[in-house]
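The values are calculated or read from the model by the stated rules, or taken from the named source; none is laboratory data. None of the values given here were measured: they were computed from a predicted structure. When we count neighbours, we look across all protein chains shown, and the Cβ atoms used for this are built from the backbone with ideal geometry, even at glycine. For accessibility, only protein heavy atoms count, side chains too; no ligands or nucleic acids. Shrake-Rupley method; radii C 1.70, N 1.55, O 1.52, S 1.80 Å.
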Amino acid sequence: MFGDIYRRIPSLSAFACLLTLCFVSPCAAQGWEWPEEMRLGGFSITNIRGTVNSDGSGEAEGIVSIPGIPGQKTRLRRSSDGDISAEVLMSARISGAELLGTYLLDAGGLRTRKAEIRLVPHSVSEVTASVDTSGRFSGTGKARLGRLLVPVKFSISRDSFVLEGAAEVRAQQDTPLAKYTLSGTLKLTTRPPQMLLSVSGSVERIGKLSNQSARLQVSNVPVDASQGTCSISMEGVVVTFDLF
């Protein structure tokens, strides 16, 4: 008889533990509430309003503070394990340029999910960037100039705006007397919100009557950022090239 009781004790203990978990865990989950403000990944989030489910998961909205720009709307999520992340809906203007898109904020910091930088007359897309706690956006992207895709690097904050890139270009122009070929590097810089372009390289001229050739080195020739054209004078002839 006593042997049967002793053999049942482990089963009874396990059952008791299971009952304890069933009653305690929901209470602990239900006891958690969204605070009015918190810090996440080194950034302050205020005006938090949200709901919590019975398993401890939940959703909320708030405003995240990034130095140098107005507060940005954010959507917060909490898992049943207590992990919190946020999606920041970025719409900010720095030095005249616009930073738009969605950013992910969690314990690891603030970084892009899908974003772009709008300049005049073109934008930088496919942006991959991180934001430090001082408000500096640093990363890479691609500026699409017509048929040309220019990779860029940038570092943007309330105190400075650096965005630059380069791509190899080649263009030809026919005239009644000669064929001109421009080969070089297109350089992209900014004077926010303006995108500035210039080209450096060489122009080769091949005469159609004598088949004689000549070459001219050029440096930092301005390029019309809207039209994608530049004009170069060679041997008294002004030739316009279409770069993109």
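At a glance:
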item: Efficiency of FRET from Cβ geometry, Asp132 and Asp83, R₀ 22 Å, rounded to 0.05; result: 0.50
item: Fraction of accessible area attributable to carbon and sulfur, the chain (%, probe 1.4 Å); result: 51 percent
item: With Cα atoms, 0 to 90° folded angle of helix 2-30 axis to the chain main axis; result: 50 degrees
item: Computed helical MRE - 222 nm, the chain, DSSP H runs ≥ 4 contributing -39500 (n - 2.57), nearest 500; result: -4500 deg cm²/dmol
item: Using alpha carbons only: equivalent-ellipsoid semi-axes of region 146-244, gyration tensor based, whole Å; result: 32, 11, 11
item: Non-local Lys pairs in the chain, i.e. 8 or more apart or on different chains, that have alpha carbons under 25 Å apart; result: 8
item: Net charge of Cβ neighbours under 15 Å - reference Asp174; Lys, Arg +1; Asp, Glu -1; result: +2
item: Per residue accessible area in Å² of region 128-172, where ligands, DNA and RNA are left out and the probe is 1.4 Å; result: 53 Å²
item: Extension gain from Ser125 to Glu61, taking 0.36 nm per residue of separation minus the Cα-Cα distance; result: 20.4 nm
item: Alpha carbon centroid spacing (whole Å) that separates region 121-149 from region 49-65; result: 31 Å
item: Size descriptor, Kirkwood hydrodynamic radius, that averages inverse alpha-carbon separations across the chain, Å; result: 22.7 Å
item: Paramagnetic label zone (point 7 Å from Cα along Cα-to-C-beta, Gln194; backbone N under 20 Å) in region 205-244; result: 219-232, 243-244
